[in-house]
Amino acid sequence: MAFNRSLKAAAFASVATLAFVAGPALAEEPKQGGTANVVIQPEPPSLNLGMVQNAPTQMVAGNIFESLLKYDTNLDPVPNLATEWEVNEDGTVYTFHLKEGVKWHDGEDFTAEDVIFSMDEMLRETNPRLRVNLDHVEKMEALDDYTVRFTLKQPFGPFLGLFEVGTVPMWPAHIYQGTNYQETADDNDPIGTGPFKFEEWDRGSYIHLVANEDYHVEGQPYLDEIYWHVIPDAASRAVAYENGEVDVLPGGSIENFDVPRLAEMDNTCMTTKGWEYFAPLAWMWLNNREGPLADKRVRQAIMYAIDNEFAQEVVWNNQGRVATGPVNSVTRFYTDDVTDYSYNPDKAEELLDEAGYDGEEISLLPLPYGETWQRWAEAVQQNLEEVGINVDMEATDVGGWNQRLNEWDFDMAFTYLYQYGDPALGVTRNYISSNIEKGSPWNNVAGYENERVDELAEQGAVAFPDEKRAEIYKEMQQILVEDVPVAWLLELEFPTIYRCDVKNLVTTAIGVNDGFGDAWLDR
Amino acid sequence: MQKNLEFWKRFCRNKGAVVGLLIIVAVILMAIFAPLLYPDSPWKLVQRPFIPPMELDGYWFGTDTLGRDIGAGLVHGARVSLLVGLTSTVVALLIGVTLGAFAGYYGGLVDDGVMRFTELFQTVPNFALAIVLVAIMQPSVESVILAIGIVSWPPVARLVRGEFLSLRSREFVQASMVLGQSNARIILTQILPNTLSPVIVMTSLMVATAILLESALSFLGLGDPDVMSWGYMIGAARTVLRQAWWMSFFPGVMILLTVLALNLVGEGLNDAMNPRLARKSR
């Protein structure tokens with residue numbers, strides 16, 4: 001039964017990809033040639049995706065490296081370096097069949113050995129987020145040169161969702177096996193299997209990639225080269241687009257209020273697609289440990305008091321969606337069957353009265369990521385003061401923000417995190433009690449503890465099949481939303497702005513991060 | 001009485017100074033009556049955002065990116081600018097006059113020590129030092145005042161030292177010494193009053209500089225995040241300059257007027273207090 005279903009899913013996925021790739025191709029024949037000029041912000045520290053996972057590194061290196069799968073905008077897996085895959089009946093054995101004839105940029109063959117080296121040896125050491133997930137894997141083995149089998153200790157629902165290029169990039173064993181990875185991290189000669197090869201990096205100015213002639217997808221890439229331009233100032237990036245220096249502004253490259261202005265320019269297209277996998281969700285940490293915020297009713301009052309629609313319309317210029325709970329609506333297993341906290345200041349005041357809140361000062365730490373976030377904090381501060389909460393706004397820099405959260409030295413603090421498509425990968429980490437630990441701003445910083453949530457989070461990760469997981473995660477979301485461990489704000493969207501004659505730019509759930517293999521210029 | 005009258009006569013001879021004085025009085029009145037003019041917090045989101053000036057009754061200066069009343073911001077901002085300008089100048093005077101007096105009166109090694117210390121501060125650019133100080137102390141009204149005070153005292157110290165050096169050898173001071181007055185008494189009652197006029201002139205200019213420094217710090221986001229100030233308003237609005245000029249224009253005008261007025265008044269004071277010098281320069 002289960003076997004059938006996953007096969008069907010896989011078959012459907014392949015058909016979907018075919019349609020997806022073939023669709024536009026039928027309508028318009030991709031043209032060969034041309035240069036893409038793209039903004040990268042900030043300048044990545046390195047392009048070695050295996051060692052460094054910064055957002056800009058992922059964005060540029062996604063052209064050079066690849067993973068076994070890609071994900072369409074519904075988060076269904078589609079083939080990439082793996083052409084087919086099978087799951088056994090109880091969801092514990094995954095077998096991947098690799099594409100034959102794939103070559104590394106230095107001409108060597110890509111084989112199962114590279115997969116085992118990348119995942120079992122290197123990434124386990126260099127990527128802490130992946131390491132936790134790979135703990136579910138009992139063994140990885142190469143059955144032959146083009147078949148890899150993963151045997152799991154127990155079912156792990158999100159397993160098929162791991163093979164995104166930023167999380168599990170394939171790494172050449174023939175170069176790196178037996179070396180000290182951290183030392184080689186600074187090399188700037190990355191060798192991958194992707195559609196583009198590294199050519200030159202002029203620090204502080206640009207990164208130049210050129211087409212990989214031996215790319216394994218027939219006809220791709222269409223572009224001859226890509227220049228990633230490093231422009232440190234947001235206003236200058238907008239200007240660079242306006243005078244035609246760059247053709248693509250990836251999400252987050254310019255300030256929000258510039259978005260509508262640029263989107264109105266001639267030959268300019270905008271898409272909010274391509275962030276489904278990351279599904280950034282913004283919220284305000286509430287320190288559950290002490291003071292008024294230890295009272296659930298005060299936390300609920302805060303949820304009612306915040307006018308998220310105002311923030312979405314005014315602060316974010318109509319980008320994003322109002323969040324309903326801990327799971328982004330584009331992440332798997334989302335449910336909207338939870339308590340509704342629409343803006344309701346009267347209800348908030350009632351709850352505050354009930355809780356006996358006496359006007360004690362509550363501090364608010366904005367996220368020091370620029371103007372939008374500062375304005376947002378000011379708007380929320382006003383919302384809260386309107387219902388009688390005494391808010392003291394603090395000022396900090398990125399280092400200070402990190403430190404305050406690491407040390408739990410805050411009452412309320414803005415943040416946003418990625419969800420990686422699955423609650424087990426990017427949601428439960430912020431709410432389970434085993435993740436309460438000083439020293440990281442990305443774990444259960446609020447100090448929320450609920451045994452039932454711990455149980456559900458654990459079950460949800462290993463339950464099989466998906467229907468069971470959906471049930472478990474639904475109950476978890478209902479409990480969380482009732483308890484308000486943090487104040488959820490918005491599901492963020494970072495629109496990609498580009499010239500309309502750059503075709504097929506965003507085709508997958510990670511958008512520009514999946515590289516420019518499909519993209520072509522209609523000029 | 002007669003002396004006061006003469007002082008005012010001389011001050012009023014400088015038309016610019018009178019205009020400056022009027023502007024300052026207006027700003028002070030605005031600051032005092034801010035809670036009456038705009039009883040609500042200037043942070044309050046009162047109307048839809050991006051309303052241009054003169055378009056909606058009661059919002060003559062328009063609203064900002066979040067729908068806050070710019071008029072309220074201007075009036076409440078005056079309080080912060082004046083508060084920071086005045087108190088930080090007092091801080092600078094306390095440090096500067098004390099050190100300058102010691103150096104000038106005792107001379108020798110004390111003078112050398114204090115002056116080297118002063119030069120240490122003078123070699124570091126004011127604004128850079130102020131940024132570092134505020135960043136270390138965490139932005140708040142107190143830290144901004146302290147930082148501006150700390151970076152603005154060296155010129156005062158040099159001025160006071162110079163005056164003390166020249167006054168110390170004058171007959172009336174030597175007479176006091178012979179009479180056996182204590183050093184403290186000589187410094188405070190004999191010399192200090194005689195150095196006041198240049199210090200007062202300098203003070204009005206220092207207040208102007210302090211207001212500019214405060215605005216610049218707030219502009220960069222280093223102001224007290226709970227306090228509405230002109231610099232903050234410009235900083236927050238600079239990004240939408242192309243869509244909404246009024247958000248940065250009005251606070252900009254306020255800073256310009258206030259600082260200009262203080263400079264004019266300083267010039268007038270100079271004329272009034274050093275009549276001979278003033279006449280020579282005419």
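What accessible area per residue, rounded to a whole number of Å², is obtained for the stretch B:151-207 using a probe radius of 1.4 Å? Can you show the working numbers first?
Details: 2840 Å² over 57 residues.
Counting only protein heavy atoms, the per-residue value for the stretch B:151-207 is 50 Å².
Once Rh is set to the Kirkwood radius over Cα pairs, what Stokes-Einstein translational diffusion coefficient, in µm²/s, holds for the stretch A:380-468 at a temperature of 37 °C and a viscosity of 0.692 mPa s?
Details: Rh = 15.1 Å.
It comes out at roughly 217 µm²/s.
Kyte-Doolittle cut-off -0.5, length cut-off 30 Å along the helix's own axis using Cα: show which whole DSSP H helices in chain B pass.
Numbers: long enough: B:70-106 (52 Å, 1.51); B:141-168 (38 Å, 1.01); B:192-219 (39 Å, 1.46); B:245-273 (41 Å, 1.20).
Span-like helices, by this rule, are B:70-106, B:141-168, B:192-219, B:245-273.
Suppose we take every Cα in the stretch B:124-178 and form the convex hull; what volume per residue is that in Å³? Walk me through the numbers on the way to the answer.
Details: hull volume 5.5 nm³, N = 55.
Value for the stretch B:124-178: 100 Å³ per residue.
With contacts defined as alpha carbon pairs under 8 Å and 6 or more residues apart, what's the relative contact order of the stretch B:2-280 in percent? Intermediate values should be presented prior to the final figure.
Numbers: 418 pairs, mean separation 75.4, N = 279.
After rounding, I find 27 percent.
Which whole-angstrom value gives the distance between the alpha carbon centres of the stretch A:367-391 and the stretch A:33-81?
Taking the Cα centre of each part, the stretch A:367-391 and the stretch A:33-81 sit 34 Å apart.
Can you tell me the 0 to 90 degree angle between the C-alpha axis of helix A:466-483 and the longest principal axis of chain A, rounded to 10?
Tilt of helix A:466-483: around 30 degrees.
Let me see the pair-distance distribution of the stretch A:207-353: every alpha carbon pair, 5 Å bin width, integer percents in order.
2, 7, 12, 13, 14, 13, 11, 9, 7, 5, 4, 2, 1, 0
If contacts are Cα pairs under 8 angstrom and at least 6 residues apart, what is the relative contact order of the stretch A:122-174 in percent?
On the way: 37 pairs, mean separation 13.9, N = 53.
Normalised by residue count, the contact order of the stretch A:122-174 is 26 percent.
Rg(Cα) of the protein assembly as shown divided by 2.2 N^0.38 Å?
Numbers: Rg = 32.8 Å, N = 805, 2.2 N^0.38 = 28.0 Å.
Taking N as the residue count of the protein assembly as shown, the ratio is 1.17.
At q = 0.11, 0.14 Å⁻¹, what log₁₀ I(q)/I(0) does the stretch B:24-172 have when each alpha carbon counts as one equal point scatterer in the Debye sum?
Rounded to two decimals, the profile gives -0.61, -0.80.
Can you work out the base-10 log of I(q)/I(0) for the stretch B:21-101 at q = 0.16, 0.17, 0.22 1/Å, using the Debye formula on its C-alpha atoms alone?
Log-scaled intensity ratios, in q order: -0.68, -0.73, -0.98.
For the stretch B:2-280, list log₁₀ I(q)/I(0) at each q in 0.11 Å⁻¹, using the Debye formula over Cα point scatterers of equal strength and ignoring solvent, two decimals each.
-0.73
Determine Rg/Rh for the stretch B:208-253; Rg is computed over alpha-carbon atoms and Rh is the Kirkwood hydrodynamic estimate from the same atoms. Can you show the working numbers first?
On the way: Rg = 10.2 Å, Rh = 10.4 Å.
Rg divided by Rh gives 0.97.
If you wrap a convex hull around the alpha carbons of the stretch A:291-415, what volume per residue comes out, as a whole number of Å³? The partial results should precede the final answer.
Working: hull volume 14.9 nm³, N = 125.
It is 120 Å³ per residue.
What share of all Cα pairs of the stretch A:331-371, in percent, falls into each consecutive 10 Å distance bin?
19, 27, 35, 19, 0
Which pairs break 29 Å Cα to Cα here: A:Lys70/A:Lys197; A:Lys347/A:Lys474; A:Lys273/A:Lys438?
On the way: A:Lys70/A:Lys197 19 Å; A:Lys347/A:Lys474 25 Å; A:Lys273/A:Lys438 35 Å.
From the list (A:Lys70/A:Lys197; A:Lys347/A:Lys474; A:Lys273/A:Lys438), the Cα-Cα distance tops 29 Å for A:Lys273/A:Lys438.
Express as a percent, rounded to the nearest 5, the fraction of DSSP beta bridges in chain A (both residues included) that run antiparallel.
That works out to approximately 80 percent antiparallel.
To the nearest 10 degrees, how steep is helix A:296-305 against the longest Cα principal axis of chain A, on a 0 to 90 scale?
The answer is roughly 70 degrees.
With a 1.4 Å probe and every protein chain left in place, tell me how much accessible area A:Tyr215 has, in Å² to the nearest 10.
Number for this one is 20 Å².
Just how many % of Cα pairs in the stretch B:100-252 lie over 23 Å apart, if you round to the nearest whole percent?
Numbers: 6043 of 11628 pairs.
Within the stretch B:100-252, distances greater than 23 Å cover 52 percent of Cα pairs.
For the protein assembly as shown, give me every cysteine whose Cβ has no other Cys Cβ within less than 4.7 Å, ordered by residue number.
For the protein assembly as shown, the answer is B:Cys12, because their Cβ atoms have no other cysteine Cβ under 4.7 Å.
Over all alpha-carbon pairs of the stretch A:172-229, lay out the pair-distance distribution in 5 Å bins, whole %, shortest bin first.
P(r) over the stretch A:172-229, rounded to whole percents: 4, 17, 21, 20, 17, 15, 6, 1.
What does the accessible area of B:Asp64 come to, in Å² to the nearest 10, when a probe of 1.4 Å is used?
Approximately 20 Å² for this residue.
If you plug each phi of the stretch B:47-61 into the Karplus form 6.51 cos²θ - 1.76 cosθ + 1.60 with θ = phi - 60°, what whole-Hz ³J(HN,Hα) values come out, in order, with x for Gly and Pro?
9, 5, x, 6, 7, x, x, 6, 9, 10, 3, x, 10, 5, 9
Less than 11 Å Cβ to Cβ from A:Thr324, Lys/Arg counted +1 and Asp/Glu -1: what total charge do the surrounding residues give? Kindly include the intermediate steps, with their values, before the conclusion.
Working: positive: A:Arg321; negative: A:Asp336, A:Asp337, A:Asp340, A:Glu491.
Taking every Cβ under 11 Å from that of A:Thr324, the sum is -3.
Can you find, among A:Trp488, A:Asn390, A:Gly447, the residue farthest towards the positive end of the dipole of the stretch A:375-523? Put +1 on the C-beta of Lys and Arg, -1 on that of Asp and Glu.
A:Trp488
Under a Cβ-Cβ cut-off of 12 Å, what is the net charge of the residues other than B:Leu66 that fall near it, where Lys and Arg count +1 and Asp and Glu count -1?
Working: positive: A:Arg375, B:Lys44, B:Arg48, B:Arg68; negative: A:Asp307, A:Glu313, A:Glu371, A:Glu378, B:Asp64, B:Asp69.
Net charge around B:Leu66: -2.
Can you send over the solvent-accessible area of A:Asp353, 1.4 Å probe, protein chains only, in Å² to the nearest 10?
120
Starting from the Cα of B:Lys15, draw a straight line to each of the lysines and keep only those under 26 Å, dropping any in the same chain fewer than 8 residues away.
B:Lys3, B:Lys280
Above 17 Å lies some portion of the pair distances; for the stretch B:78-142, what is it as a whole percent of all C-alpha pairs? Could you put the intermediate results ahead of the total?
On the way: 1176 of 2080 pairs.
That tail contains 57 percent of the Cα-Cα pairs.
The values are calculated or read from the model by the stated rules, or taken from the named source; none is laboratory data. Please read all numbers here as calculations on a predicted model, not as lab measurements. FYI the Cβ positions are ideal-geometry reconstructions off the backbone, even for glycines, and counts take in every protein chain you see. What goes into the accessible areas is simple: the full protein's heavy atoms, side chains included, and nothing from ligands, DNA or RNA. Shrake-Rupley method; radii C 1.70, N 1.55, O 1.52, S 1.80 Å.
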